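One structure is given here, and the rest of the page talks about it.
None of the figures in this text is laboratory data; all of them are computed from the coordinates on show. The shown structure was predicted, so the numbers you read here are calculated from the model rather than taken from an experiment. Backbone-built Cβ (ideal geometry, glycine too); neighbour counts: all protein chains shown.
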Amino acid sequence: MAEFPVLLHVDADAFFASVVLRSRPELVARPVAAVAHVFIASANYPARDRGVRGGTLVQEALRQCPELLLFDVPRAEVEEVGDAMFDIFHDVARAVEPGSIEEAFLDVGARDWTTAVQAGHTLRARVQRELGIAVSVGVGRTKLMAKLASRAAKPDGLYVMDAAQEARLRTSLPMTEVWGIGPTTLHKLSTLGVAKLGDLDSIPADQLLRVCGTTMARKLSRIRDGTDDAVVNSVERRTVLTAEGAIRGYERPDKSLTELMETCLERLCRRADRAGLAGTGITLALKPDSGEPPIVLKQNRLVATAEPETWLPIGRELLGHQWVPRLAGMRVSLTGLIPVERVQQTLF
């Protein structure tokens, strides 16, 4: 038996594209991409094999792969599948730490590799059976090792980062592949001649602290010596639900700002209702086409609700009082979520 918990990192493969393909199984072997605004949001693996990558302009992707099939991101279905996938995560794990709509760290209570691997295989089969998408699972002793393992598992696989592999990576892993190390820190480390984890051994502790700061220096030291984060910080209940949309889509009419807000908010209210939740506020984050920071509008109310008849007039009022530039899209959040059985208590 191991003397430590063994964690899982679960990550959906080409998530948006996989959701598109759920209703189009005849296209699975062909290059397919989901489009958000004028960019590739997600490409399946046949498309990636032809050089198509997320974040690429649609025109550039078509030059790279003329046979590429393009579909607008099915936002409502993506959100529903993401919610259902996390329901499965919570059903099989004692702690779930979300990373995004499509990935999470899971503590399934395993204290040995065999138990963790069995849980990973069971989870993968259940997601495929119930949701019709593939997830890759990484098994590791710490979050970093589990995340590296899930990368190695793609596509549609399971990979174990065992003790021997971990020991090698603690020395040889390039700093560019260390999860949680951003461009600023990478640049600072490059000035010290640190290109891989083992290079940290040649840097005096006080110099590392001076160059990278106390918090980052401690984080780097823990990663190097294998005492990095191995605790899955569970989110007991959701306090926010979010929906997104683009003004312009692929081969569909453009949406007005109000239409997009209404579409997102109605989806949120349906999701909250299914989850037995009600919200006390909404936040609209309007994304300028210029790439400038979002314009954020907020409104709260005293009594929680998931009724679209309540929130839609509030959303329209927020938009009516705000001049906005040309927009690319919008993120709408229902905030301050509480279980519906607690709503009545707020009246007294």
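Here are the numbers for the structure shown:
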{"quantity": "Between helix 143-153 and the chain: long-axis angle, C-alpha atoms, 0 to 90°, nearest 10", "calculated": "80 degrees"}
{"quantity": "Distance cut-off 15 Å, percentage of C-alpha pairs in the stretch 15-73 lying past it", "calculated": "33 percent"}
{"quantity": "Share antiparallel - DSSP beta bridges, the chain, percent rounded to 5", "calculated": "85 percent"}
{"quantity": "Cα gyration tensor, the stretch 173-225 - rounded (a/c under 1.5), prolate or oblate", "calculated": "rounded"}
{"quantity": "Under the Debye formula (equal points on every Cα, no solvent term), log10 I(q)/I(0) of the stretch 1-156 at q = 0.09, 0.13, 0.19, 0.20 Å⁻¹", "calculated": "-0.31, -0.61, -1.09, -1.16"}
{"quantity": "Hull volume in cubic angstrom per residue (convex hull over the Cα atoms of the stretch 111-211)", "calculated": "114 Å³"}
{"quantity": "Relative contact order for the chain, counting Cα pairs under 8 Å that sit 6 or more residues apart, in percent", "calculated": "16 percent"}
{"quantity": "Ordering of 9-21, 105-117, 248-260, 40-52 by burial proxy (mean other Cβ atoms within 10 Å per residue, highest first)", "calculated": "9-21, 40-52, 105-117, 248-260"}
{"quantity": "The stretch 190-313 - charge dipole about Cα centre, Lys and Arg +1 at Cβ, Asp and Glu -1, debye rounded to 20", "calculated": "220 debye"}
{"quantity": "Fraction of antiparallel bridges per DSSP, the stretch 83-215 only, in percent to nearest 5", "calculated": "65 percent"}
{"quantity": "For the chain, convex hull of alpha carbons as volume per residue, Å³", "calculated": "179 Å³"}
{"quantity": "Helical mean residue ellipticity (222 nm; -39500 (n - 2.57) per DSSP H run of 4+; nearest 500) of the chain", "calculated": "-12000 deg cm²/dmol"}
{"quantity": "Mean projected area in nm² (Cα convex hull; one quarter of hull surface) for the stretch 240-347", "calculated": "7.0 nm²"}
